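Student: Got a structure for you, questions after.
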Amino acid sequence: MGSGTFRGGIHPYDGKELSRDRAIQDIRPGKELAYLVSQHIGAPAKPIVKKGDRVLAGQMIAEAGGFVSAPVYASVSGVVKGIEKRLTATGGYCDAIIVENDEVYESVAFEETKDITQLSKDEICGKIQKAGIVGMGGAGFPTHVKLSPKEPEKIKYILVNGAECEPYLTSDYRIMLEQPKKLVGGLKVMLQLFDGAKGYICIEDNKPEGIAKLQELVEGEANIEVQPLKTKYPQGAERQLIYATTGRYVNSKMLPADAGCIVHNADTIVSIYEAVIEGKPLYTRIVTVTGDAIVNPCNLLVRNGTSCREIIEAAGGFKDGKLPEKIIAGGPMMGKAMFSLDVPAVKGLSALLCMTHDEVQDWEPSACIRCGRCVDVCPGRIIPSDLAKYAEHGNIDAFLKHDGMECCECGCCSYVCPAKRHLTQTIAGTRKSILASKKK
C-alpha cells in the first residue's frame, strides 16, 4: 500500500473541537419544504407530482431526467403547493417542488433486504439508482454512474473517504462513532459489485476513536481494512486519497476507475446501506452547523428541503442575535459563501459554517514575490503563481501547456500566499471557461 500521505498540503486550524463531541440530533423542519430538482451533477430531475397532491415521506416526487441524473424524494408528508423558482446556495435559481408539511410524518413502507448475497449486481445498482443517491461530500455525482465503470473487472480498491480533512466539519466523524455498522455494511454492499476488490476505510489519524471503533468492527474481515492516513489538507481530495492509500496516480484526464479505484464519502456509503438493506431512499443527511458565530455548534440529521434558516435556529441561532459576516455552505477551504439563509437543504450540504468575522475581506492582494510557497504546498504538483499569471493575461495556450487543468481547486496556494493573491479563484475561473468551451 501507499505511504498514507501525499506531496504538498497544509495544516490549517481545523476548528473541529467545536462540534466533534456533539452527537447527531434529529430535527424537524418547519411548515414549508422546497425540494430543488437539481441536487446533482447532470440533468435535473423531472417533477411527477402536481399542485394539490398529498405526498408521504420517502415518496418519489421527481424522477431522474436521464442516466446521469437522480430522483428526488419527499422527506415529510404533506400537500404539494406548486413548483417555484428557489434560491440555491451558489446564488442561482432552480425549480423546486414546494410541499406544505402536515407534521404527521407519515411514511411509505420500505422493502428491506434480509440477505444481500441473494441480490444480483444489477439489482443492487438498481436499488442505489432508484434511491437517488449522489456523492454527499459536495460533488453530487450520481452514485450509480460511478458504480458502472466500463471495465468493472479492473476495479481493485473500494475506498471509503472518511478523511474529512476540511476544517470544522465533523459529520463523517460522528457517523464513524454512531453508525459504524451501517458504514461497514454499506462497504460490504459495494464489494458485492466488484469481484476481487478490497475495501479500505480511510481515516485521518486525528480521529483515533473512529479508527479504533472501525478496526474492531472489521477484525477478521478478509477484504476490508482500516487505513489510517496522516492528518493534512486536502487528504480527502479524490486524487490525493487514492495516491495516499494505493500509491496509484490519477490526473485530470482520468477517472478513479481508470486507476482501479472507486471512492465514496462516508455519508454516501451509509446511504447505500440504507437504500439496499433498509429500502430507504435518500432524503436525509447529517449537517455540521458550526463556527464562532453559532450558539450551539452541533451535528444535525436534516431532512432534504429544510430551510437553512431553520437549520441555524436548531443550533441555537447566532450569538447575540447578530448576523455573522460570513456564512459558508460546506467547509472554509472549498465551500461556497452564501448571501442568504433562505436556501433549502440539498443532498450535498455537508455543513453550515458561520464566522463572526470575514478574514478574507481584509486581504489586499499585492504583487507576487516569487517565494515559491504555493509550489511547495500544491498537491497537484503545478506552479500556481505562473498559472494565475497566464489566466489573468488570457494566455490559454500557456495555461494548458503548464498543466493548469491539473488544479483541484483545493485552495492551498491562496491560503499560504503572503501576497494574498487570489490564486485558486483565478485558476478555477479559467479552468471552468475551458471546460465550458469544450462542451459547445
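The values are calculated or read from the model by the stated rules, or taken from the named source; none is laboratory data. The structure presented is a predicted model; accordingly, all values stated were derived computationally and were not measured. All Cβ positions, glycine included, derive from the backbone under ideal geometry; neighbour counts span all protein chains shown. To get the accessible areas, we keep the full protein, side chains included, count just its heavy atoms, and leave off ligands, DNA and RNA. Shrake-Rupley method; radii C 1.70, N 1.55, O 1.52, S 1.80 Å.
Student: Using a simple charge model, +1 on the beta-carbon of Lys and Arg, -1 on the beta-carbon of Asp and Glu, nothing else, what dipole does segment 313-435 show about its Cα centre, in debye to the nearest 20?
Tutor: With Lys and Arg at +1 and Asp and Glu at -1, about 240 debye.
Student: With only Lys, Arg, Asp and Glu charged, each at its Cβ (+1 for the first two, -1 for the last two), find how big the charge dipole of the chain is about the Cα centre; round to the nearest 20 debye.
Tutor: The dipole of the chain has a size of about 1160 debye.
Student: Mean separation of Cα pairs under 8 Å and 6+ residues apart, divided by the residue count of segment 325-440: what relative contact order is that in percent?
Tutor: Relative CO of segment 325-440 lands at 24 percent.
Student: May I ask you to give the solvent-accessible area per residue for segment 171-323, in square angstrom, as obtained with a 1.4 angstrom probe?
Tutor: 35 Å²
Student: I need the semi-axes of the equivalent ellipsoid of segment 109-263: take the C-alpha gyration tensor, multiply each eigenvalue by 5, square-root it, list largest first in whole angstrom.
Tutor: 23, 20, 16
Student: OK, next. Whole-Hz Karplus ³J(HN,Hα) for segment 390-407, in order, using 6.51 cos²θ - 1.76 cosθ + 1.60 and θ = phi - 60°, x for Gly and Pro?
Tutor: Along segment 390-407, the couplings run 4, 5, 5, 8, x, 8, 5, 4, 5, 4, 6, 4, 9, 6, x, 6, 7, 5 Hz.
Student: In segment 268-350, what percent of the accessible surface is made up of carbon and sulfur (1.4 Å probe, ligands and nucleic acids excluded)?
Tutor: The C+S portion of the solvent-accessible surface of segment 268-350 is 51 percent.
Student: What span do the alpha-carbon atoms of segment 1-103 cover on each of the three principal axes, reported in whole Å from largest to smallest?
Tutor: If we take the Cα atoms of segment 1-103, the spans are 56, 34, 30 Å.
Student: Here is a further query. How big is the chain on each of its three principal axes, counting only the C-alpha atoms and giving the largest first in Å?
Tutor: Cα extents, longest axis first: 62, 53, 47 Å.
Student: Enumerate the lysines that LYS31 could reach by cross-link, defined here as Cα to Cα under 24 Å, with residues fewer than 8 away along the same chain left out.
Tutor: Leaving aside lysines fewer than 8 places away in the same chain, those within reach of LYS31 are LYS46, LYS50, LYS51, LYS81, LYS85, LYS280, LYS347.
Student: Here is a further query. If you roll a 1.4 Å probe over segment 28-130 with all protein chains in place, what percent of the accessible area is carbon or sulfur?
Tutor: After summing per-atom areas, the C and S share lands at 51 percent.
Student: Taking every DSSP beta bridge with both residues inside the chain, roughly what % is antiparallel (nearest 5)?
Tutor: 60 percent
Student: To the nearest 500 deg cm²/dmol, what mean residue ellipticity at 222 nm is calculated for the chain from DSSP H runs of n ≥ 4 alone, each contributing -39,500 (n - 2.57), summed and divided by the residues?
Tutor: -7000 deg cm²/dmol
Student: Tell me which of ALA62, MET254, ILE201 sits at the most positive position along the dipole axis of the chain, charges placed on C-beta atoms (Lys, Arg +1; Asp, Glu -1).
Tutor: MET254
Student: Summing +1 for each Lys or Arg and -1 for each Asp or Glu, what net charge is found among the other residues whose Cβ lies under 15 Å from the Cβ of GLN118?
Tutor: Value of the local net charge: -1.
Student: Multiply the residue gap between ALA109 and LYS319 by 0.36 nm, knock off their C-alpha separation, and tell me the result in nm, one decimal place.
Tutor: Roughly 71.5 nm would be gained on extension.
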